[in-house]
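Remarks on the structure that follows.
The values are calculated or read from the model by the stated rules, or taken from the named source; none is laboratory data. Bear in mind the structure is a predicted one, so any value in this text is a computation, not a measurement. Ideal geometry is used to build each Cβ from the backbone, glycine not excepted, and the neighbour counts take in all protein chains shown.
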Amino acid sequence: MNQVFNFQRFALLVSKHWVDNKKRYSLSIIAFIGLLFLWFVYQMLFEEKRYHNFGADFQVRTYFISLLLAGSIYASQFFSELGSRSRGINYLLMPASVLEKLLCGLLFGIVLYFVVFTLSFYFVNTTMNFLANIFNANNFESLGLNYTPSKVINVFVRDHDPLNEASLFIRAFLVIQSAFLLGTVYFRRYSFLKTAIALVLIYFFFLSGGAYFSEHILSGRFSVDMQVYHLYTGGIDEIPLPPGGANEVRLPVWHSTMYLSFFRYTVPPILWCATYFSLKEKEI
Amino acid sequence: MIRLHDLHFSYKKKQVFNGLYLDFSPGHIYGLLGKNGAGKSTLLRIIAGLLYPQNGKITVDTNIPVQRLPSFLQDVFLLPEEFHLPDMPIRKFLKHHAPFYSRFSHEQFEKYCADFDVPQGSTLQGMSYGQKKKVMIAFALATNARYVLMDEPSNGLDIMSKSRFRKVLAEALDEERCMIISTHQVKDLENLIDRITIIDEGKILFDKDIEEISKKLSFHVSFDESETREAFYVEPSLRGNAMVSRNESGEESKLDLELLYKAIMVNGDMIKDVFNPLNQLHESGI
């Protein structure tokens, strides 16, 4: 018997998790769709710029903000059975490996959540765009104006997006979702609040670390690709000198590659490893 | 075999075990007795791999429980005092839980449920606590796990179910299997267990086979004052003084677990002396 991973056992675990939770999940999806409809209706009826309908910014913000908010709440519920002795014993003593239990958590907590959330969002978005176009076209027609119908946009691909915001949000989603999954294993009670507080503290730790760092080196700022450090002439509030020559410090390429890759790709796997060991060493 | 070697365990503020040595062998039903808070449930959870001992060693056959490997989890089934059952019909519960246990027997489960009078078409959430417990006992035994650990299994069972519980457990025992039952309702284990282990303040106060106890101790009722004076424990009743004394005649009496438990709690050292092989040699004049 493979003690680390067995596909049949993993499939059983996934099927068991679905059967145990399908009522809760179905109700949550219905509630989420209902709330999203309310938000779109509010936007359509009461926002000042309602004749612009659901613009690209509105759709992107609604998608990513609700993805992060709903995702963190959902992820903080995933291993919630570990907060109860009777349910936790049941869960920990289920004959499946820790890796299988973790993968089941990642499958439901990240992959399936993302797919179901996106489908729900587009269902509401498409329906509301369709309704808004009918509603506004009639209004414009009565005023004798031409109406440009609003479109359902692809929230992942946008024009004029040099920072590639969608990719930033997806990475942020992976980090936040993974952090809340870890929190629900690590904290026995109030895992959502405790994880949120921990994330805020970590954020401030890095922020204050950055401030400390900038105070102890020459005043300036990094370029977006982290390869060049532009120097300020004096205080941090002053305008930087023009780029080039003695006003900037050029760092080796590997420096930026390593630094950016770490934050782009390694934080979620590190959090998954931490979740694995927390689950492995969980005591009830 | 479950082997605990110099086991130390404590919660944040409370020391529970301080150097515990204990073995549990297949082919036996062990009764784990003790006061509330003595550490019975903690011991079962340590054996199941739910708690990490601070020191010492525990092995279940070749497994180390805290590793919680799938093969180990198939071999050890813990039925806790407070358990969770999902809201679904029994058949559905079986469909999604039984396949995790490779030796699970649906025939045995049906038989045990029939013995307990549990209707198989019922929904788990609609059942009383006692009915749910019977389903869990039937499930635990039908997994054919080699080690079945039960924490207060008779709590919530009615009088008839308690007697069926004893019958079902006795039938389910074989040479490969070991059952450890923790309880403070000692009467419920009568005629069932073949070894009694009493834990008090994190130590083994008493650990003997029922056969040996029956040979060495006598449980009877008497008005005789000299017998009363020499008894290890006496409890007055309308029929006379119920007592535990040294078995001088060699005739085996019916073991009264409750009386034995009280006798050990009150007069444990004197009773242990009866089982001390050196004392026996001395008494026989060798």
Subject >> Filtered residues of the stretch B:251-261 (kept if surrounded by fewer than 18 Cβ atoms within 10 Å (Cβ to Cβ) and at pLDDT 90 or above) >> reply: none
**OP:** Looking only at the stretch B:150-158, decide whether some residue is in a helix (DSSP H, G or I) and among the aliphatic types (A, V, I, L, M).
**Re:** no
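State the number of residues belonging to the stretch B:31-57 that are more than 14 Å from every other protein chain (Cβ to nearest Cβ) and crowded, with 20+ Cβ neighbours inside 10 Å.
First, pick out the residues of the stretch B:31-57 that are more than 14 Å from every other protein chain (Cβ to nearest Cβ): B:31-40, B:43, B:55-57.
From what's left, crowded, with 20+ Cβ neighbours inside 10 Å: B:31-34, B:38-40, B:43.
Counting residues in the stretch B:31-57 that are more than 14 Å from every other protein chain (Cβ to nearest Cβ) and crowded, with 20+ Cβ neighbours inside 10 Å gives 8.
Only residues that are assigned to a loop (DSSP other than H, G, I, E, B), more than 27 Å from B:Ala172 (Cβ to Cβ) and of a type in the set (Ser, Thr, Tyr): list them for the stretch B:1-47, please. It would help to see each step written out before you state the result.
From the stretch B:1-47, those assigned to a loop (DSSP other than H, G, I, E, B) are B:1, B:11-14, B:25-27, B:35-39; that's our starting set.
Remaining after also requiring more than 27 Å from B:Ala172 (Cβ to Cβ): B:11-14, B:35-37.
If the condition is that a residue be assigned to a loop (DSSP other than H, G, I, E, B), more than 27 Å from B:Ala172 (Cβ to Cβ) and of a type in the set (Ser, Thr, Tyr), then B:Tyr11 is the only one that fits.
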**OP:** Check whether at least one residue in the stretch A:162-170 is at pLDDT 75 or above and either touching a helix residue (DSSP H, G or I) at 6+ places or on another chain (Cβ under 6 Å) or outside any helix (DSSP H, G or I) (or both), and report yes or no.
**Re:** yes
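Which residue is nearest to the other protein chains (Cβ to nearest Cβ), if the candidates are limited to the stretch A:12-34 and must be surrounded by fewer than 13 Cβ atoms within 10 Å (Cβ to Cβ) and of a type in the set (A, V, I, L, M)? Don't jump to the end; show me each part of the working.
Applying the first criterion (surrounded by fewer than 13 Cβ atoms within 10 Å (Cβ to Cβ)) to the stretch A:12-34 yields A:22-24, A:26-27, A:30-31, A:34.
Among the residues that remain, those that are also of a type in the set (A, V, I, L, M) are: A:27, A:30-31.
Values: A:Leu27: 13, A:Ile30: 18, A:Ala31: 19 Å.
Among residues in the stretch A:12-34 that are surrounded by fewer than 13 Cβ atoms within 10 Å (Cβ to Cβ) and of a type in the set (A, V, I, L, M), the one nearest to the other protein chains (Cβ to nearest Cβ) is A:Leu27.
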**OP:** All but one of (1) crowded, with 17+ Cβ neighbours inside 10 Å; (2) in contact (Cβ under 8 Å) with a residue 60 or more places away in the chain hold for B:Lys187, so report the exception by its number.
**Re:** (1)
**OP:** Give the number of residues within the stretch A:164-194 that are without any contact (Cβ under 8 Å) to a residue 60 or more places away in the chain and either loosely packed, with under 14 Cβ neighbours inside 10 Å or of a type in the set (Ser, Thr, Tyr) (or both).
**Re:** 5
**OP:** Scan the stretch B:125-145 for residues that are touching a helix residue (DSSP H, G or I) at 6+ places or on another chain (Cβ under 6 Å) and either part of a helix (DSSP H, G or I) or surrounded by fewer than 19 Cβ atoms within 10 Å (Cβ to Cβ) (or both) and report the count.
**Re:** 3
Original post:
For the stretch A:183-284, list the helices (runs of 4 or more DSSP H) that sit wholly inside it and hold at least 2 residues that are at pLDDT below 90; which are they?
Top reply: A:191-216, A:253-261
Original post:
Take the residues of the stretch B:232-254 that are acidic (Asp, Glu) and outside any strand (DSSP E or B): which is nearest to B:Ser214 (Cα to Cα)?
Top reply: B:Glu252
